[in-house]
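Worksheet: the structure to be examined is printed underneath.
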Amino acid sequence: GRTVINISGGFPGFDALLEQGVDRALRRGAIVVASVGNDRDRGNPSFVPASLPHVLTVGATDQNDHFAFFSNRSSALDLAAPGVAIPVAVPTIYDASGYASFDGTSFSAPLVAGAAAWVWTVRPQLDPTQLEDVMRNSARDVGPKGWDPDTGFGILSIPEALAVKIPAKDPQEPNDDVNLVRPHAITASGSRLSTPARLQARLDVTEDPEDVYRVWVPAHDRISASTHSAANVNVALWGPKTKTVYERGSALKRDLLAFSERSGSRPDAVSGRNTTRVGAFYYVDAFLAKRVAKASYSLRVSVSRR
């Protein structure tokens with residue numbers, strides 16, 4: 001059900017189990033909010049889970065709406081919230097008043113997590129992908145116009161988050177690779193796109209870099225897929241033995257059946273036939289062209305005897 005998970009912490013590098021946990025949380029209806037880190041003076045190292053796809057990543061600002069001197073710059077940053085001189089309850093042995101002031105993105109992230117829970121309570125029709133976009137789209141822009149690596153899309157604004165237009169759902173997330181849509185990955189049954197299909201979806205180079213759809217193709221049938229976007233969204237078709245859409249070498253030659261990378265907003269289309277005597281699952285892969293940061297697109301998939 002609707003759940004907001006706050007993680008005020010992280011570590012450098014990558015952890016597959018942590019990424020799997022984030023993916024499973026999203027599939028089960030939760031969002032993960034994480035602090036970006038406090039190491040600007042150490043070169044802004046990338047931390048997980050903040051740098052993982054589908055995580056709402058939060059930086060810190062000061063009383064003047066400037067990014068906090070310690071808050072990491074990050075290409076994964078979504079928005080910011082106050083993180084300087086935050087009053088925190090402490091043991092009276094530490095301070096007789098029971099309170100002390102602390103700095104850190106670890107205090108910014110819970111503000112966003114709490115706000116997201118509030119927005120979800122008031123707007124229960126949102127799914128996790130919509131809620132994350134609502135929190136981004138409603139942030140109050142500061143600094144350079146638009147997104148920037150110091151404050152993301154801006155500073156948390158609860159009134160705007162309660163009123164901003166609800167974006168379309170991003171279906172079948174998470175579906176960033178084959179392993180996420182196969183059975184017994186993040187769900188027992190996996191995910192499957194029924195055909196004929198026509199849907200709207202979104203891609204983002206850091207939050208949602210790839211969309212993979214698992215499609216059943218009966219013996220001797222042909223599968224066709226196309227993407228349409230005002231930006232530049234390409235499409236590829238992968239065979240039943242595909243382990244990942246990032247394959248290289250002999251696996252790539254075996255499994256990549258077709259791809260289209262037309263420039264600009266021209267539609268991309270691929271097709272292929274199951275030439276075997278048994279049905280199998282094939283994979284349609286929608287992905288961003290080089291130097292495209294984000295895009296919405298429409299996808300059409302059909303399976304036929306012709």
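Summary of computed values
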{"item": "Every residue from the stretch 262-280 that is crowded, with 20+ Cβ neighbours inside 10 Å and in a strand (DSSP E or B)", "result": "ASP268, VAL270"}
{"item": "Odd one out for ILE223, checked against (1) farther than 30 Å from ALA25 by Cα; (2) modelled with pLDDT of 95 or more; (3) part of a loop (DSSP other than H, G, I, E, B)", "result": "(3)"}
{"item": "Selection count where residues are free of Cβ contacts under 8 Å to residues at least 24 places away in the same chain and closer than 15 Å to THR57 by Cβ, scope the stretch 97-135", "result": "0"}
{"item": "Residue, nearest to SER271 (Cα to Cα), within the stretch 238-257, restricted to residues that are hydrophobic (A, V, I, L, M, F, W, C) and exposed (fewer than 15 other Cβ atoms within 10 Å of the Cβ)", "result": "LEU252"}
{"item": "Check on PRO159, more than 25 Å from GLU19 (Cβ to Cβ), at pLDDT 95 or above and more than 22 Å from the chain's Cα centre (by Cα)", "result": "yes"}
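Each row is one residue, and each column tells you yes or no for (1) without any contact (Cβ under 8 Å) to a residue 40 or more places away in the chain; (2) out of contact with any Lys or Arg (no Cβ under 8 Å at 6 or more places or on another chain); (3) not assigned by TED's automatic domain parsing to the domain that holds PHE153.
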residue	(1), (2), (3)
TRP216	no, no, yes
GLY239	no, no, yes
THR244	no, yes, yes
SER250	yes, yes, yes
ASP268	no, no, yes
THR275	no, yes, yes
LEU299	no, no, yes
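The values are calculated or read from the model by the stated rules, or taken from the named source; none is laboratory data. Please read these numbers as outputs of a predicted model, since none were measured by experiment. Note: ideal-geometry Cβ built from the backbone for every residue, glycine included; neighbour counts use all protein chains shown.
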